[in-house]
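Chemist: My structure is below; once you've seen it, I'll send some questions.
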Amino acid sequence: MLEGNEFKRGLNKMDVENHTCSKCKKFSRVNTLPPKVIDSGLCYECYFKDDSRYPFTYACDAIRSWAGYDKEGTKIDRFDASVIRDHIAKILNMTDFELAIKLADYYMAHEDEIAKKSIEDFQGAERL
Ligand SMILES: [Zn+2]
């Protein structure tokens, strides 16, 4: 019982942690925003409006980082990554755009750890 209530309180607390966009004054829930967006003081829409790399390029970069590296750099290029993304989207019954948004959001939220792993992989590949 208590655990259930504490769990509920935790959820409610997250719900009320709102973030106000400094540009358009829109409220967003903090737990729905990538850290980068929160730091910028903007809402999701304002942050990405002028970023042409969102979501497709970021989605491709996420997939490329998982494919790994060789001496030349990433093992697959952006075209290969977008073909893979498109196939997965079809299997999941999503549009390519919807999946790209999910992947781009994941990439933004985990950018630091992805970058760290990418550097390690690339340095490992160079030593071979
Ligand atoms: Zn805004």
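Chemist: Where Rh denotes the Kirkwood radius from the mean inverse Cα pair distance, what is Rg over Rh for segment 51-128?
Modeler: That ratio is 1.01, to two decimals.
Chemist: Can I ask one more? Under 12 Å from the Cβ of E98, count the other residues' Cβ atoms, weight Lys and Arg +1, Asp and Glu -1, and hand me the total.
Modeler: Result for the neighbourhood of E98: 0.
Chemist: For helix 2-16, report the angle its Cα long axis makes with the longest principal axis of the Cα atoms of the chain; keep it between 0 and 90° and round to the nearest 10°.
Modeler: Roughly 80 degrees, rounded to the nearest 10.
Chemist: While we're on this one: For K117, which lysines qualify as cross-link partners when the Cα separation must be under 27 Å and same-chain residues fewer than eight apart are set aside?
Modeler: Filter leaves K36, K71, K75, K102.
Chemist: Moving to a separate point now. Which aspartates and glutamates does K90 reach when only Cα atoms under 17 Å apart count, and residues fewer than 8 places away in its own chain are ignored?
Modeler: D80, E98
Chemist: Starting from the Cα of K90, step 7 Å along the direction of its Cβ; do the same at A109; then give the gap between the two resulting points in nm.
Modeler: Label-label distance for K90 and A109, simple model: 2.8 nm.
Chemist: Shifting gears a bit: Mind checking the dipole of segment 51-128: about its Cα centre, +1 per Lys or Arg Cβ, -1 per Asp or Glu Cβ, Debye to the nearest 20?
Modeler: Dipole of segment 51-128, to the nearest 20 debye: 160 debye.
Chemist: Further question on the same structure: Based on the mean of other beta carbon atoms within 10 Å per residue, what is the order of 97-105, 24-32, 117-125, most packed first?
Modeler: 97-105, 117-125, 24-32
Chemist: Using 0.36 nm per residue, how much length does the chain from I119 to A67 gain when fully extended, once their Cα-Cα distance is taken away?
Modeler: Stretched fully, the I119-A67 segment lengthens by 17.4 nm.
Chemist: While we're here: What is the distance, in nm, between label points placed 7 Å from the Cα along the Cα-to-Cβ direction at C24 and at R127?
Modeler: 4.7
Each value in this text was obtained by applying a stated rule to the coordinates, not by laboratory testing. Predicted, not measured: the structure shown is a model, and the values here were computed from it. Backbone-built Cβ (ideal geometry, glycine too); neighbour counts: all protein chains shown.
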